[in-house]
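Take a look at the structure below.
All of the numbers you see were taken from the coordinates with simple rules; none came from a lab. All of these numbers come straight from a predicted model, not from anything done at the bench. All Cβ positions, glycine included, derive from the backbone under ideal geometry; neighbour counts span all protein chains shown.
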Amino acid sequence: MKKRISTILVLILIFGIIGCNNDDVETGLKIENNSENKLEENNKELSHYPVTITTYNYAKKPIEITFEKAPEKVLAVYQNSIETLLALGLEDKIVATAGLDHDVKEEYKTSFNNLKYYKKIPSKEEVIGLQPDFILSWYSLFDEKRLGDVDFWHKRDINTYMAQNSGVINPNTLKNEYEDILNMGKIFNVEDKANEIVNTMKEEINKAKEFVKGKEKVKAIIVEVKKDGVYRVYGEDSIGGDIAKQVGADLVSKSNGKIGNEDLIKLNPDVIFSVYYGDEIHSDTALNSIIENPALSSVSAIESKRVHPIMLSEVYASGIRTLDGIKTISKGLYPELYESK
């Protein structure tokens, strides 16, 4: 009996030792795998940088900026700057934000709420206090009344990037928006995510293009109500105009500029897109100021109830909202394309 008990105890001890050894082996393998993964990530990071990107100064001259590594403390100003970084999963790289025309998109609110936000554009002194290594913004931020030209920051080893469609380049195009997003992918070494975002936009454009093949063009106009009877036109040289043109619309007013009631009546568009933004012009205001204007009652778009509000951030320096702009314009032009089947 004692011999049997001794044998059992020996077997238990042996299996226990084997089990411990197996655990040690598994732990060792996990540590080894983690080390290999980190080494692979480090090698990928080292092989990616340095990255050189073309951007601009306040004189609108192209300049080259080199990044030796991904920025760690970014000041992101204006809607497209903030949302593009959030869409690329870079919220941990943002030290502060400013300049929203609208609330950030719903899917990014949780990330955004953890960030420092300035209701007003921060002063040069406030920005210096943040100690950023990268400033991402619009052209207008770098005037003398705000942050000064980019060379002030470059002398302090702080890189900058201007959204191309924020006043730097004319015409404003979808291509520029694509490039801005892809450049952020290069700068932060998240090119796969950036390519995915841009490819989704291109697919949406192609979907509308395919739909309208062989169909009569819809006459359209994109306007922003400046005051009663005066409208700012977003022509072919705007992002909204470029979208409309690419998806097959006939822009009845092709140039950027201002028009009045009489001009709009003569142009007689089938579809009107009315721009709204921030606290100044709400979507209902943008819509009602056109459809409730008795002078415009004979316009085709108003008679057929085809007046649609469109967000400023979808048609100007649009960033990731470019996709929303494509969908808003395509749906306004071709509602049947988006009807559930």
Practice task
Describe numerically, in nm with one decimal, the distance between label points set 7 Å from Cα along Cα→Cβ at Asp192 and at Glu72.
Solution key: 2.5 nm
Exercise for the section: Report, in whole Å, the centroid distance computed from the Cα atoms of the stretch 274-290 and the stretch 61-94. Expected result: 30 Å
Practice task
Name the residue farthest towards the positive end of the dipole of the chain from the options Asn183, Gln246, Gly99, assuming +1 on Cβ of Lys and Arg, -1 on Cβ of Asp and Glu, about the Cα centre.
Solution key: Gln246
Handout entry: Pairs from Lys202/Lys258; Lys305/Lys327; Lys175/Lys254; Lys69/Lys93; Lys207/Lys266; Lys73/Lys186 whose Cα-Cα separation, in the structure shown, is over 22 Å
Key = Lys202/Lys258; Lys207/Lys266
Practice task
Between Ile53 and Tyr118, take the C-beta separation as r, use R0 = 22 Å, and let me know the FRET efficiency to the nearest 0.05.
Solution key: 0.30
Fill in the blank from the handout: Computed from the beta carbon distance with a Förster radius of 30 Å, FRET efficiency for Glu336 and Lys60 to the nearest 0.05 stands at 0.10
Handout entry: Fraction of beta bridges assigned by DSSP in the stretch 198-338 that are antiparallel (%, nearest 5)
Key = 45 percent
Fill in the blank from the handout: In order over the stretch 171-182: 3J(HN,Hα) from phi, Karplus 6.51/-1.76/1.60, θ = phi - 60°, whole Hz, x for each Gly or Pro, gives x, 6, 9, 4, 4, 4, 5, 4, 5, 4, 5, 5
Problem - Cα gyration tensor of the stretch 198-338 - equivalent ellipsoid semi-axes, whole Å, descending - result: 23, 17, 13
Exercise for the section: Please find the FRET efficiency linking Glu303 to Lys254, where r is the Cβ-Cβ separation and R0 is fixed at 30 Å, and quote it to the nearest 0.05. Expected result: 0.80
Problem - Within the stretch 90-163, trypsin sites (Lys or Arg not before Pro) in DSSP loop having at most 13 other beta-carbon neighbours inside 10 Å - result: Lys116, Lys119, Lys120, Lys145, Lys155, Arg156
Handout entry: Antiparallel DSSP beta bridges within the chain, as percent of all bridges there, nearest 5
Key = 40 percent
Problem - Pair Lys207, Lys155: separation of 7 Å Cα→Cβ label points (nm) - result: 5.0 nm
Fill in the blank from the handout: Computed over the chain, the distribution of all Cα-Cα distances in 10 Å bins, rounded to whole %, is 5, 21, 26, 19, 12, 6, 4, 3, 2, 1, 0, 0
